[in-house]
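Working notes for the structure below.
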Amino acid sequence: MKEAPVVNLKACTDCGSCLEVAPGIFARRPETGEITVLERDDYPDEDVHAAVTICPADCISPGGG
């Protein structure tokens with residue numbers, strides 16, 4: 001099973017790009033407004049790569065595994 005990507009919230013600029021390109025992986029926490037990674041059984045490489053590539057703050061790291 002592929003590990004979840006990681007978002008460095010201290011570096012995140014809250015641009016929302018990851019939400020646009022990979023809404024099945026990333027979401028915004030309603031209580032804090034922070035970006036979170038959804039719990040899934042699998043994280044499609046293509047979607048994770050798109051989010052890592054588009055992030056202007058370079059704060060998303062792909063999961064390992």
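Remark: pairs (first residue in the stretch 32-48, closer than 23 Å to Thr13 by Cα and of a type in the set (D, E, K, R); second residue open to solvent by 80 Å² or more (accessible area, probe 1.4 Å) and not in a loop (DSSP other than H, G, I, E, B); Cβ separation under 8 Å; 6+ apart in sequence or on different chains) = Glu34/Arg28. If the condition is being in a loop (DSSP other than H, G, I, E, B) and open to solvent by 80 Å² or more (accessible area, probe 1.4 Å), then the stretch 15-31 contributes Pro23, Arg29, Pro30, Glu31.
With respect to the conditions (1) of a type outside the set (Val, Ile, Thr); (2) in a loop (DSSP other than H, G, I, E, B); (3) out of contact with any Gly (no Cβ under 6 Å at 6 or more places or on another chain), Glu3 falls short on a single one, namely (3). For Gly64, the test of being out of contact with any Pro (no Cβ under 9 Å at 6 or more places or on another chain), open to solvent by less than 80 Å² (accessible area, probe 1.4 Å), modelled with pLDDT under 95 and at negative phi is passed. Asp58 passes every criterion in (1) without any contact (Cβ under 8 Å) to a residue 60 or more places away in the chain; (2) of a type outside the set (S, T, N, Q); (3) at negative phi apart from (3). A count restricted to the stretch 32-46 and to residues that are crowded, with 17+ Cβ neighbours inside 10 Å and over 9 Å from the mean Cα position of the chain (by Cα) stands at 1.
The values are calculated or read from the model by the stated rules, or taken from the named source; none is laboratory data. Since this is a predicted model, take the numbers as computed values, not measurements. Because the Cβ atoms are built from the backbone with ideal geometry, glycine has one as well, and the counts that use them run over all protein chains shown. Note: areas computed on protein heavy atoms with side chains; ligands, DNA, RNA excluded. Shrake-Rupley method; radii C 1.70, N 1.55, O 1.52, S 1.80 Å.
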